[in-house]
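Everything on this sheet refers to the single structure shown next.
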Amino acid sequence: MALLEVNNLETVFKTDAGEVQAVRNVSFKVEQGEALGIVGESGSGKSQMMYSIIGLLAENGVVKNGQITFDGKDISPSQFTNKKDYDNFMRECRGNTMAMIFQDPMTFLNPVLKIETQLVEPMLNHTDMTREQARERALELMRKVGIPSPEKRITQYPFEFSGGMRQRIVIAIALANNPKLVIADEPTTALDVTIQAQVLELIDDLKNESNSAIIMITHDLGVVAKLCDRIAIMYGGKIVEIGSDKDIFYNPKHPYTEGLLRCISNPEDDEEKTLTPIAGSPPDLLNPPKGCPFVDRCTKAMRVCKDHVPEVTTINEGHQCACWLLDSRAVRK
Amino acid sequence: MSENKVILSVKNLKTYFDVTKGLFTKKQIVKAVDDVSFDVYENETFGLVGESGCGKTTLGRTIVKIYEPESGSIEFQGKDIAKVKGKDLISFRKDMQMIFQDPYASLNPRMTVGEIIKEPMIIHNIYNTDEERERRVVELLKIVGLKPDHIRRYPAEFSGGQRQRVGIARALAVNPKFIVCDEPISALDVSIQAQVVNLLKDIQKEMGLSYLFIAHDLSMVKHISDRIGVMYLGHMVECGPANDVYHRPLHPYTTALLSAIPIPDPDTAKSKQRIVLGGEVPSPINPPKGCPFCTRCTKATERCQNERPEPIQVGTRIVACHLYER
């Protein structure tokens, strides 16, 4: 059984202008020990989808529909009688069996608390370790994430750490209770290239060492190519294509995936590649298109794409794509 | 590119900032740009790369004279502008414009797109009547891929990519010869980045512009640039044709920097042995005495720690590293 299974997830945000349909009918699975990359542009719903799963949506966000199963338990908000029960339950999960790494380590860490306090907190909250045991484990974690002289550093405050070091602390906090699932939301976007390489290397090592599953949310195709076994491409609140790293990079089926790959240049290539941008801009999720979300920017759009949402076609085991081009029923006009 | 004329020649440029706090403390100077020299040719894109804090933005801003240089010369179209001040700056700025990183912060939210693009024309007295200006604005909007009826709209009504197009139209309004692009695409989404990069390339071909393209996204810089300069801690450590620098980097920092780029190809990315640099960039207030990179360099010798390497010509390139001295 999959570690995390999401079926028909729908999340909306209530705003003065109307309901923003941030996540629209998304289904996917994550197996134990697997690294899934979720790629999409800003506003594609990738972060809100994860926040729906871990119960961290903003006040005006509501999971309207869908079922979320984690580690054999149904954790959909609709399962709980009231919001308080749900929040309490999710608080038990977060930092314990599910952990998160956020984009900006400075806003994640509390600036007025010592690193030690922040590192031992998840252990004291979720296990029956004593403070001494937790401190020992914290030092061990700091060593594991490559922080030199941890005995000295543990007594310092976040501002005494550089960006890369702070992100290492955030990773150490996430790993404190050996989580089954780690959700990393753009963990290296705020870092410089050489520091990004250090942190990616670290995540890769930790991934190989432990049996935790990782969900990596990013817009950087280079990062997912390096770290992920499977990749989901999101657009306009939907997963338009999902498959293994090789499926997505070498055999993309959705015109948006193809387009994305034509937009990026590979510095290893010798000859000059002309970048082919995707014309237009992403759809407004206040009024999403009735049919395929990509229809307005797609060069291969047919009449059916405008009014009907494409169904998911399975190309091979694990490689699925929602596009009318792959559907034999579509009238090619 | 060598048959082309030099449009901008920067020699031994230094930009320092005084960051001393309080009256009685020791004077603290950040050497943001320290002894940088390079040339940009006509119709060429010169890419400037480096990590945050390496001084690339300061260098770009010093060239357009937003910051005053400490010493050194900036020769633009044969004239040294390093010491030019006040009113004389205006005539020079007509030929040199800038595109900024953040398309949200660089456009005045209370001006319409038409007013934003018209403003430089008014400052530089380019057209006599408002109709002429308006006609030019419409032309510019078409060039950057916006619609003529966008002229009455406000920046808030546009997406990031569209706003960056407005920024480009504003820079083009005075028919400049040289544009400093300071991270023009880093705030944009991948599919929009390619749109803006292609637009910049097309405009360059049509109008014969030169760019100084500052960015930290190394793959995009390679794509757009003819020549590249790599900066580290205020110094230019390597400079040369884009393809040479990327395929046969000379300076150990360039090698490590390029090796750190995540390659968008799973087979290469997963098999590639990276050179992962240890440590972090030293503080620019207290930089190493010798080579700025010596604290992280795997090939550093005692000499690197004590003696600053001078830039030397190696083939098509200029590199500042003791390894290449004979």
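Taking every residue in region B:42-69 that is buried (at least 18 other Cβ atoms within 10 Å of the Cβ) and pairing it with any residue that is at pLDDT below 90 and acidic (Asp, Glu), at least 6 positions away or on another chain, the pairs with Cβ-Cβ distances below 6 Å are B:51/A:192. So, residue A:203, is that one away from chain B (no Cβ under 11 Å), under 20 Å from residue A:142 (Cβ atoms) and of a type outside the set (D, E, K, R) or not? Yes, satisfied.
Scoring residue B:290 on the criteria (1) within 18 Å of residue B:35 (Cα to Cα); (2) at pLDDT 85 or above; (3) assigned to a loop (DSSP other than H, G, I, E, B); (4) open to solvent by 20 Å² or more (accessible area, probe 1.4 Å) leaves a single failure, condition (4). In region B:173-181, is there at least one residue being open to solvent by 50 Å² or more (accessible area, probe 1.4 Å) and under 29 Å from residue B:54 (Cα atoms)? Yes, region B:173-181 contains at least one residue that is open to solvent by 50 Å² or more (accessible area, probe 1.4 Å) and under 29 Å from residue B:54 (Cα atoms).
Residue A:209 fulfils the conditions (1) at the interface with another protein chain (Cβ under 9 Å from one of its Cβ atoms); (2) surrounded by fewer than 19 Cβ atoms within 10 Å (Cβ to Cβ); (3) of a type in the set (Asp, Glu) except for a single criterion, (1). In summary, residue B:296 fulfils each of the numbered conditions (1) surrounded by 22 or more Cβ atoms within 10 Å (Cβ to Cβ); (2) within 13 Å of chain A (Cβ to nearest Cβ) with the single exception of condition (1).
Do you know which of the residues in region B:252-279 that are under 19 Å from residue A:231 (Cα atoms) and of a type in the set (A, V, I, L, M, F, W, C) is surrounded by the most Cβ atoms within 10 Å (Cβ to Cβ)?
Let us first name the residues in region B:252-279 that are under 19 Å from residue A:231 (Cα atoms), namely B:262-271.
Of the ones still in play, those that are also of a type in the set (A, V, I, L, M, F, W, C) are B:263, B:269.
Details: B:263: 22, B:269: 24.
Among those that are under 19 Å from residue A:231 (Cα atoms) and of a type in the set (A, V, I, L, M, F, W, C), it is B:269.
With respect to the conditions (1) under 28 Å from residue A:169 (Cβ atoms); (2) among the small types (Gly, Ala, Ser); (3) open to solvent by less than 20 Å² (accessible area, probe 1.4 Å), residue A:47 falls short on a single one, namely (3). For region B:173-181, the condition holds for at least one residue, the condition being that it is in contact with a Gly (Cβ under 7 Å, 6 or more places away or on another chain) and either among the β-branched types (Val, Ile, Thr) or facing another protein chain (nearest Cβ under 10 Å) (or both).
When the helices (runs of 4 or more DSSP H) confined to region B:128-215 are screened for residues that are without any contact (Cβ under 8 Å) to a residue 12 or more places away in the chain, those reaching at least 2 such residues are found at B:130-143, B:190-207. Count of region A:116-161 residues, restricted to those that are assigned to a helix (DSSP H, G or I) and either closer than 27 Å to residue A:197 by Cα or of a type in the set (A, V, I, L, M, F, W, C) (or both), is 22. Of the residues screened, residue B:110 is not one that is basic (Lys, Arg) and not in a loop (DSSP other than H, G, I, E, B).
The values are calculated or read from the model by the stated rules, or taken from the named source; none is laboratory data. Since the model is a prediction, treat every value here as computed from it, not as a measurement. Here Cβ is always computed from backbone atoms with ideal geometry, including for glycine, and neighbour counts include all displayed protein chains. All accessible areas refer to the heavy atoms of the entire protein, side chains included, with ligands and DNA or RNA removed. Shrake-Rupley method; radii C 1.70, N 1.55, O 1.52, S 1.80 Å.
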